[in-house]
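Undergrad: Quick one: the structure is below, questions incoming.
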Amino acid sequence: MHYFNSRVGRWSLAFTIAALGACTEDPAAPNVPLITKPNAMVADPFTVANTNDDGIGSLRWVLRYATGGETIRFDSTLAGQTITLDSTLMIRKPVTIEGPARTGITVSGGGKVRVIGVVTAGAVTLRNLTVTGGSTGTVVSPAIRSDGDLVIENSVVYGNSGGAGTVIYGGSITLINSTVSENTTPNYSEYYAAVMGGKVVVINSTIANNSTSGVGVAFSNITLRNSIVSNNAARNCLLVQGASITWEGANISDDDTCGTPTQIMIGDPVLGPLADNGGPTKTHALLAGSPAVNAGANCSVTVDQRYVPRDGQCDLGAFEFTTPTTVTLTIDPGVGVNQGNGWAVVTGTVKCSRNETFSVAVQLAQQQKNGRDVSTVDAAAIVPVECTTSVRPWIASMVLTSGAFTPGSAEANAQTVYTPGWVKPASATAKVKMYWARRSG
């Protein structure tokens, strides 16, 4: 073998090769750039095309080509479908994975692997996803383990099981309009948590019915804003190593581990089962009678987990109650007046779409002429009512402030008061005819 060590030798060899190339009749080879990301394989390189665990067009394949900052979406034909994994889905770049808002996408560990692992220092957002079927044996976090900032929006994490109990584990975790529920562990400990992180922020979310210790063990702090943390196995909140908790808006828990009664509402939030209540993911509906209805304060989230608009005074948790009890009030046209003292009795009916207990405030006003002068005689009363789905009567003996009623025309008004948050206010106004009531005896 000959080596061309001199500069002259190297240039001579290069010249010879170039000359031989110039003499050939073959066309020059095309200049094909290296493929650094998917292009012709799918119409959009960051749209998932199938539910395969791996391979061209899969979620895992698309993630390999992400460089950071992309939003990964799903082809419309995949709406509502499930991606079952053979190994943990690793996210190595700060991206957003967004399922369809109407039907969502399910990512499942198939009962054998952790579902998602995040190994980037940047922020990763999971939106409109169901994370389920994660299983890690004796290892922590069967659903999600994250090294960086993790944001979970309009999503549900349920049906995951790990021997070490903690379901979602990370440095910084933020839940917005999301539900963490029905996650289990065969090896119970009150130091396991449904959500555990150095910083855990829970905004209009529901963490309930987990056989773990609850919202999380915050090595730095926990922030609760207009959320529900309830019915978890050992306790709902656990603070260790000098951690702290911040309360914003209003929150509810069925024990006092997340705060005292001056810091948080303590009671049963009255949740329905985890179910398809519309939207991209399952939710716990608030049932009639829930103290979480209309209990929010300083509400910053305009829709719920299902993308249902929230009221100005939002409900607590991930679900906005939208089926209030309706009330129908009527006022009878005749009003009896006591001839002895001039007091009056107003009557009417009430009917509700659900059985409820509240009160009806009644006002009665009569214009009376005395020569050229006109004065008003009025009275008011508040009466409790048991409202049912059948029409029921109510009766109010009016308490005069001054003067006395006489036969003639008047105006009566009735409106619901002291109603629970889930009862829609109702009122009625009517022109009435006042008459002398029959004397008794």
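Undergrad: Could you pull out the residue among Gly278, Gly259, Gly272 that is out of contact with any His (no Cβ under 7 Å at 6 or more places or on another chain) and surrounded by fewer than 18 Cβ atoms within 10 Å (Cβ to Cβ)? Show your work before the answer.
TA: Numbers: Gly259 fails: surrounded by fewer than 18 Cβ atoms within 10 Å (Cβ to Cβ); Gly272 fails: out of contact with any His (no Cβ under 7 Å at 6 or more places or on another chain).
Gly278 is the lone residue from the list that is out of contact with any His (no Cβ under 7 Å at 6 or more places or on another chain) and surrounded by fewer than 18 Cβ atoms within 10 Å (Cβ to Cβ).
Undergrad: Taking segment 290-347 as the search range and keeping residues that are outside the structural domain of Ile382 (by TED's automatic domain parsing) and among the aromatic types (Phe, Trp, Tyr), which one is surrounded by the fewest Cβ atoms within 10 Å (Cβ to Cβ)?
TA: Tyr307
Undergrad: Could you check segment 90-112 and list, in sequence order, the residues that are buried (at least 18 other Cβ atoms within 10 Å of the Cβ), under 15 Å from Asn160 (Cα atoms) and not hydroxyl-bearing (Ser, Thr, Tyr)?
TA: Of everything in segment 90-112, those that are buried (at least 18 other Cβ atoms within 10 Å of the Cβ), under 15 Å from Asn160 (Cα atoms) and not hydroxyl-bearing (Ser, Thr, Tyr) turn out to be Val107, Gly109.
Undergrad: How many residues, within segment 372-424, are surrounded by 13 or more Cβ atoms within 10 Å (Cβ to Cβ), modelled with pLDDT of 95 or more and in a loop (DSSP other than H, G, I, E, B)?
TA: Result for segment 372-424: 1.
Undergrad: Among the residues in segment 113-127, are any at positive phi and crowded, with 18+ Cβ neighbours inside 10 Å?
TA: Filtering segment 113-127 down to residues at positive phi leaves none.
Scanning segment 113-127, I find no residue that is at positive phi and crowded, with 18+ Cβ neighbours inside 10 Å, so the answer is no.
Undergrad: Being under 30 Å from Gly289 (Cα atoms), part of a strand (DSSP E or B) and in contact (Cβ under 8 Å) with a residue 24 or more places away in the chain narrows it down to one residue among Val350, Val335; which is it? Break it down stepwise before answering.
TA: Numbers: Val335 fails: under 30 Å from Gly289 (Cα atoms).
The conditions single out Val350.
Undergrad: Let me ask another. Only one of these conditions is not met by Glu248: (1) surrounded by fewer than 18 Cβ atoms within 10 Å (Cβ to Cβ); (2) free of Cβ contacts under 8 Å to residues at least 40 places away in the same chain. Which number is it?
TA: If we test Glu248 against (1) surrounded by fewer than 18 Cβ atoms within 10 Å (Cβ to Cβ); (2) free of Cβ contacts under 8 Å to residues at least 40 places away in the same chain, just (2) comes out false.
Undergrad: Among the residues in segment 362-369, are any under 23 Å from Val423 (Cα atoms) and modelled with pLDDT of 95 or more?
TA: The first filter runs over segment 362-369 and keeps only residues under 23 Å from Val423 (Cα atoms), leaving 362-363.
Narrowing the set further to residues that are modelled with pLDDT of 95 or more leaves 362-363.
Checking segment 362-369: at least one residue is under 23 Å from Val423 (Cα atoms) and modelled with pLDDT of 95 or more.
Undergrad: Name the strands (runs of 3 or more DSSP E) wholly within segment 46-155 that hold at least 1 residues that are touching a residue at least 40 places away in the same chain (Cβ under 8 Å)?
TA: Details: elements: 71-74, 82-84, 89-91, 96-98, 105-108, 116-118, 124-127, 129-132, 144-153.
Qualifying strands (runs of 3 or more DSSP E): 82-84, 105-108, 116-118, 129-132, 144-153.
Undergrad: Report whether or not Gly278 is part of a loop (DSSP other than H, G, I, E, B), at pLDDT 95 or above and small (Gly, Ala, Ser).
TA: Numbers: part of a loop (DSSP other than H, G, I, E, B): yes; at pLDDT 95 or above: yes; small (Gly, Ala, Ser): yes.
Yes, satisfied.
Undergrad: Check Val350 against each of (1) crowded, with 22+ Cβ neighbours inside 10 Å; (2) in contact with a Lys or Arg (Cβ under 7 Å, 6 or more places away or on another chain); (3) of a type in the set (Val, Ile, Thr); (4) not assigned by TED's automatic domain parsing to the domain that holds Cys387 and name the one condition it does not meet.
TA: (4)
The values are calculated or read from the model by the stated rules, or taken from the named source; none is laboratory data. Note that the structure is predicted; figures quoted are calculated from it, not measured. Positions of Cβ are backbone-derived with ideal geometry, glycine not excepted, and every protein chain shown enters the neighbour counts.
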